[in-house]
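J.: Please see the structure below; I have some questions.
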Amino acid sequence: MNREEENRNQTVTVHEFLESYRRYLDEDPALSGKTPATYSYLIEKHLIHDLGEYQLSELDSDVLNSYLKKKLSDGRLDNSGGLSPTTVSELRTILNSAFKYAKCNHYCVQDINDLVHVSFHQPEISIFNREETGKMVRYLTQHPTPYNSGVLLALVSGIRIGELCALTWGDLNLDEGVLQITKSLGRLPNPNADTDGHRTHLVIAPPKTRNSIRSIPLPPEILDLLRKQQQPSDVYLLTGRRKCMEPSSCSKRFRNLLKKLDIPARNFHTLRHTFATACIRDGADPKTVSMILGHASVNITMLMYVHPSLEDKRRVMEQVYTHTYIPPS
């Protein structure tokens, strides 16, 4: 790097630097799906807006830690309170990544290795019990509408709601009995919100990680049901039309379905937790389950999606007591 470039990098503003970093993110092959758009939105609406006039060299751990704490208490764009811990944690991730990029590209930056960790409690997740899943399967198979078949597919495969909403009949190979997951649907912050008035827009994009692109074999009973409803390849499975259903609409209809079946309310993602837990309970190999779910590692599957019931815990305690603590006769 020549002296002129070195001097320029020492006086660059945070705004100038983050615009360069955003261009780098757009070209980074390691990021896929909705991640680049989400990061770009957070950079523009929060980091550039709040910190853009600083010189990059002025930012240190004290400045950034105070900033992150303030975003938790008073960080929303509409001045209605603090950002969620999840969003502030994403801002922290972006800052760490941006500073690594800065060092690699010879910008004058300080060490920020001690940024505060944003702590938040993982909500307790419940699953559907066998009576509830049995009630759902009976109703969904006896009333094979496009939406009901989509819910049944999520129940028996653990696919995410965004993956289900993006699913077309072309993603189902009924001859091979395989479901292909290659995309996901969701709402993202709209980069043109200032001009067209819409804060978000609907996007169908590749899943967030390469592991999420996967093939899932389906049970014969589900394949038989789907064959009776088969549509052209460009028709969305969940709607039976060439127009998709949004995840929010899918969730609302799912709540109504549970109410109709007299099943206590849970969110749509509970189907995924239920599937993973059932697989492990029935003795499935955790690595196989992880690949079906599209996780980056087995640890994610075991820590986040497997929830032993009280009966499971009681069975383990009884087995251990019988095999270990009762003396042989």
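J.: Find how much the distance from K100 to R255 grows on full extension, using 0.36 nm per residue of separation minus their present alpha carbon separation; answer in nm with one decimal. Write out the running numbers ahead of the final one.
T.: Values: separation 155, 0.36 × 155 = 55.80 nm, distance 4.38 nm.
Roughly 51.4 nm would be gained on extension.
J.: Moving on. Order these peptides, 281-287, 40-46, 53-59, by their mean beta-carbon neighbour count within 10 angstrom, highest first.
T.: Numbers: 281-287: 11.3, 40-46: 18.1, 53-59: 16.3.
Ranking, from highest mean packing down: 40-46, 53-59, 281-287.
J.: Give me the angle, in degrees from 0 to 90, between the Cα long axis of helix 61-74 and the longest principal axis of the Cα atoms of the chain, rounded to the nearest 10.
T.: 50 degrees
J.: When the helix-only estimate is applied to the chain (DSSP H runs of n ≥ 4, each -39,500 (n - 2.57), divided by the residue count), what is the mean residue ellipticity at 222 nm, nearest 500 deg cm²/dmol? Walk me through the numbers on the way to the answer.
T.: Numbers: 15 runs with 159 residues, N = 329.
Using -39500 (n - 2.57) per qualifying helix, the result is -14500 deg cm²/dmol.
J.: Moving to a separate point now. Determine the shape class of region 3-104: with a ≥ b ≥ c the square roots of the Cα gyration tensor eigenvalues, call it rounded for a/c under 1.5, and otherwise prolate if a/b is greater than b/c, oblate otherwise.
T.: Because a/c hits 1.5 or more and a/b fails to exceed b/c, region 3-104 counts as oblate.
J.: OK, next. Specify the residue with the greatest mean-square fluctuation among P146, P264, P232, computed from a Gaussian network of the chain linking alpha-carbon atoms under 10 Å apart.
T.: Highest fluctuation among the options: P264.
J.: Mind checking which lysines have their C-alpha under 20 Å from K71, skipping anything on the same chain fewer than 8 residues away?
T.: K45
J.: Then there is this: Under 8 Å for C-alpha pairs, at least 6 residues apart: give me the relative contact order for region 130-264, rounded to a whole percent.
T.: On the way: 178 pairs, mean separation 39.1, N = 135.
Here the relative contact order equals 29 percent.
J.: Here's a follow-up. Roughly what would the spin-label model give for S80 and D224, points 7 Å off Cα along C-beta, in nm?
T.: Taking the simple label geometry, S80 and D224 are separated by 5.0 nm.
J.: Helix 310-320 against the longest principal axis of the chain: what's the angle in degrees, Cα atoms only, rounded to the nearest 10?
T.: Its long axis makes an angle of about 80 degrees.
J.: Could you give the length gained by full extension between E246 and E131, i.e. 0.36 nm per residue of separation minus their alpha carbon distance, to one decimal place?
T.: Full-extension gain reported as 38.5 nm.
J.: Given a cut-off of under 8 Å on Cα pairs at least six residues apart, what relative contact order in percent is computed for region 241-329?
T.: Details: 43 pairs, mean separation 17.4, N = 89.
The value is 20 percent.
J.: Let me ask something additional. How long is the gain from A265 to D50 if the chain were fully straight, where each residue apart is worth 0.36 nm and the alpha carbon distance is subtracted? Write out the running numbers ahead of the final one.
T.: Working: separation 215, 0.36 × 215 = 77.40 nm, distance 3.98 nm.
Computed gain between A265 and D50 is 73.4 nm.
J.: Then there's this: Under a cut-off of 17 Å between alpha-carbon atoms, report the lysines in cross-link reach of K135, not counting same-chain residues fewer than 8 places apart.
T.: Straight-distance partners of K135: K259, K260.
J.: Now, a different point. In the chain, if the dipole is taken from +1 on Lys/Arg beta carbons and -1 on Asp/Glu beta carbons about the Cα centre, which of L188, L47, A276 is farthest to the positive end?
T.: The residue sitting farthest along the positive end of the dipole is A276.
J.: So, one more: Compute, for the chain, the length of the dipole vector about the Cα centre, with Cβ point charges of +1 (Lys, Arg) and -1 (Asp, Glu) only. Units Debye, rounded to 20. Each step should come with its number before you reach the end.
T.: On the way: 40 positive and 38 negative charges, 297 e Å.
So the magnitude is around 1420 debye.
J.: Work from the charge dipole of the chain (Cβ charges, +1 for Lys and Arg, -1 for Asp and Glu, about the Cα centre) and give the residue of G134, G75, V156 farthest towards its positive end.
T.: Value: G134.
J.: Another one. Report, ordered by chain and residue number, the aspartates and glutamates lying within cross-link reach of K313, taken as a straight Cα distance under 15 Å and ignoring same-chain residues fewer than 8 apart.
T.: Result set, ordered by chain and number: D282.
J.: Can you give me the distance in nm between label points at D26 and A284, each placed 7 Å from the Cα along the Cα-to-Cβ direction?
T.: So the two model labels end up 4.0 nm from each other.
J.: Using Cα-Cα distances under 8 Å and only pairs 6 or more residues apart, what relative contact order does the chain have, in percent? Present the calculation step by step, with values, prior to reporting the outcome.
T.: Values: 410 pairs, mean separation 55.0, N = 329.
Relative contact order here is 17 percent.
All of the numbers you see were taken from the coordinates with simple rules; none came from a lab. For clarity, every value in this text was computed on a predicted model and none was experimentally measured. Quick reminder, even Gly has a Cβ in these numbers, built from the backbone with ideal geometry, and neighbours come from all protein chains shown.
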